[in-house]
1. Checking R27 against (1) modelled with pLDDT of 90 or more; (2) charged (D, E, K, R); (3) more than 15 Å from F99 (Cβ to Cβ), which single condition isn't satisfied?
2. So which residues in the stretch 13-37 are closer than 24 Å to E111 by Cα and of a type in the set (A, V, I, L, M, F, W, C)?
3. Just to be sure I understand the filter: pairs with C-beta atoms under 6 Å, separated by 6 or more residues or on different chains, first member in the stretch 46-60 and free of Cβ contacts under 8 Å to residues at least 12 places away in the same chain, second member surrounded by 12 or more Cβ atoms within 10 Å (Cβ to Cβ). Which pairs pass?
4. Does the stretch 120-132 contain at least one residue that is farther than 21 Å from V15 by Cβ and among the hydroxyl-bearing types (S, T, Y)?
5. State the number of residues belonging to the stretch 51-69 that are outside any loop (DSSP other than H, G, I, E, B) and either touching a helix residue (DSSP H, G or I) at 6+ places or on another chain (Cβ under 8 Å) or at positive phi (or both).
6. Modelled with pLDDT of 85 or more and in a loop (DSSP other than H, G, I, E, B), is that true of E77?
7. T90 - would you say it is farther than 16 Å from L110 by Cα, buried (at least 17 other Cβ atoms within 10 Å of the Cβ) and polar (S, T, N, Q)?
Amino acid sequence: MGIYDVSQIKVLENVPDLEQLENGECRRTYIYRFVNKLPEQNEIDRVANSVSEKFTFSKELYELLEDVEIYANIIIERSLDYEAKVSIVTTSPEESGIFGFGVFGLPRKLEEEFGTLESLQGQLTEKWCCYD
């Protein structure tokens, strides 16, 4: 896990709200739009399972009483041929590193599977992320 660097994110417009779920988990849902047509939902579910992450925050690095692990499960719902609702569901409140994963790391992983990401939350990708 790398240290979150806010300089990676250029513009933070239309950031979806973090929802507190009844079971104690938290969810943030983004709208991702791709250039290519998305595959069927069963293939999307396979990809979502493969990109879920476990984040470990070390007590030394983050000045915590103990190491903390937060699981980030990814749920992807195909809403249109080129568009999907992508939710990051965490086992505890979102940390900045997980937020960075949602707008920087996860888009890159999904591009490997689905092709070029056109926009996040209606904004062109280069306005959200520091892409090479």
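1. With (1) modelled with pLDDT of 90 or more; (2) charged (D, E, K, R); (3) more than 15 Å from F99 (Cβ to Cβ) applied to R27, the lone miss is (3).
2. Initial filter on the stretch 13-37 (closer than 24 Å to E111 by Cα): 13-18, 27-37.
Across the stretch 13-37, the qualifying residues are V15, L18, I31, F34, V35.
3. S58/D67; K59/D67
4. Taking the stretch 120-132 as the starting set, the residues that turn out to be farther than 21 Å from V15 by Cβ are 132.
This time we only want the ones that are among the hydroxyl-bearing types (S, T, Y), so: none.
No, the stretch 120-132 contains no residue that is farther than 21 Å from V15 by Cβ and among the hydroxyl-bearing types (S, T, Y).
5. As a first pass, look at the stretch 51-69 and keep what is outside any loop (DSSP other than H, G, I, E, B): 51, 53-57, 59-62, 68-69.
Going one step further and asking which of them are either touching a helix residue (DSSP H, G or I) at 6+ places or on another chain (Cβ under 8 Å) or at positive phi (or both), we end up with 51, 53, 55, 57, 68.
Residues flagged as outside any loop (DSSP other than H, G, I, E, B) and either touching a helix residue (DSSP H, G or I) at 6+ places or on another chain (Cβ under 8 Å) or at positive phi (or both) within the stretch 51-69 amount to 5.
6. Numbers: modelled with pLDDT of 85 or more: yes; in a loop (DSSP other than H, G, I, E, B): no.
Answer is no for this residue.
7. Details: farther than 16 Å from L110 by Cα: yes; buried (at least 17 other Cβ atoms within 10 Å of the Cβ): yes; polar (S, T, N, Q): yes.
Considered against the rule, which asks whether it is farther than 16 Å from L110 by Cα, buried (at least 17 other Cβ atoms within 10 Å of the Cβ) and polar (S, T, N, Q), T90 comes out as yes.
Conditions tested, residue by residue: (1) modelled with pLDDT under 85; (2) in contact with a Pro (Cβ under 9 Å, 6 or more places away or on another chain).
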{"site": "E13", "(1), (2)": "yes, no"}
{"site": "L18", "(1), (2)": "no, yes"}
{"site": "I31", "(1), (2)": "no, yes"}
{"site": "L38", "(1), (2)": "no, no"}
{"site": "I44", "(1), (2)": "no, no"}
{"site": "S58", "(1), (2)": "yes, no"}
{"site": "Y62", "(1), (2)": "yes, no"}
{"site": "N73", "(1), (2)": "no, no"}
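The values are calculated or read from the model by the stated rules, or taken from the named source; none is laboratory data. On a predicted model such as this, the values are computed, not experimentally measured, just so you know. Cβ coordinates were reconstructed from backbone atoms using ideal geometry, including for glycine residues, and neighbour counts include every protein chain displayed.
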